[in-house]
1. Starting from the Cα gyration tensor of region 26-81, take the square roots of the eigenvalues, sort them a ≥ b ≥ c, and report rounded, prolate or oblate (rounded when a/c is under 1.5, otherwise prolate if a/b is larger than b/c, else oblate).
2. Using every pair of alpha-carbon atoms in the chain, split the distances into 5 Å bins beginning at 0 and state the percent of pairs per bin, rounded to integers.
3. What ³J(HN,Hα) values, in whole Hz, does the Karplus curve 6.51 cos²θ - 1.76 cosθ + 1.60 give for region 155-160 when θ = phi - 60°, with x put for Gly and Pro?
4. What FRET efficiency comes out for the pair LEU94/THR25, r = Cβ-Cβ distance, R0 = 35 Å, nearest 0.05?
5. Quick check on the chain: helices-only [θ] at 222 nm, where DSSP H runs of length 4 and up contribute -39,500 (n - 2.57) each and the sum goes over total residues. Nearest 500, please.
6. So, with +1 on the Cβ of K and R and -1 on the Cβ of D and E, and no other charges, what is the size of the charge dipole of region 47-171 about its Cα centre, to the nearest 20 debye?
7. Between the DSSP loop rule and a limit of at most 16 other Cβ atoms within 10 Å, which trypsin sites (Lys or Arg not before Pro) in region 50-81 are left?
8. Can you tell me the order of 129-135, 11-17 when each peptide is scored by its average per-residue count of other Cβ atoms within 10 angstrom, highest first?
Amino acid sequence: MNLAEVIRTIPDYPKPGIMFRDITTLLTDARGFRRAVDELVQPLAGAKIDKVAGIEARGFILGGAIAHQLSVGFVPIRKKGKLPHETIAESYELEYGVDEVEIHVDAVNAGERILLVDDLIATGGTAGAAIRLLERAGATIVLCAFVVDLPDLGGADKLRAMGKQVTSLIAFDGE
Ligand code: AMP
């Protein structure tokens, strides 16, 4: 089974020129979903993880399944304004303007070892902000895991330049 074949590509969504890599077709495929979860944790090679952190929203689905598989807790990294308790936030650049991601102040303890998960890395802006947030809380990012990498946009290299281990299952050319 080729995982790339269960990812659907929607051209010109959400705007002209973008090839949207839709992982919902991977999630509805039982073998594809299981295989993605298994392969995303492989680089850990048994290394100890305290929590999985997933980025809203598709990172919640993959990250929740991975946390269950590893028998560890899950931390949702949410878009600004969604979390009810006291939060810490990090902003990141969008093409036009800025956005923010947040976690609860007590979601992560100092010294915890975290696996960061999202469906896709493009420019690395979102994942970079998530890493800064978790590190401000005193955590160590052991691995950043993505189903899809868009290497032409340089995000994975940016995270590697920050000293992070990055894994992805499929790379697509272009945006
Ligand atoms: P970035 O911050 O540029 O690395 O963008 C990554 C985030 O935007 C992820 O949460 C993705 O779900 C989403 N994203 C960016 N580009 C795409 C794309 N071509 N297809 C699907 N999702 C994308």
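Every read-out reported here was derived from the displayed coordinates using simple, explicitly stated rules and does not represent laboratory data. Predicted model only: the values in this text are computed from it and were never measured. Glycine also receives a Cβ, built like all others from the backbone with ideal geometry; neighbour counts cover every protein chain displayed.
1. oblate
2. All Cα pairs, binned at 5 Å, distribute as 1, 9, 18, 22, 22, 16, 9, 3, 0 percent.
3. Calculated HN-Hα couplings, in order: x, 5, 5, 4, 5, 5 Hz.
4. Computed FRET efficiency for LEU94 and THR25: 0.85.
5. -8000 deg cm²/dmol
6. Here region 47-171 has a charge dipole of around 320 debye.
7. LYS80
8. Top to bottom by mean Cβ count within 10 Å: 129-135, 11-17.
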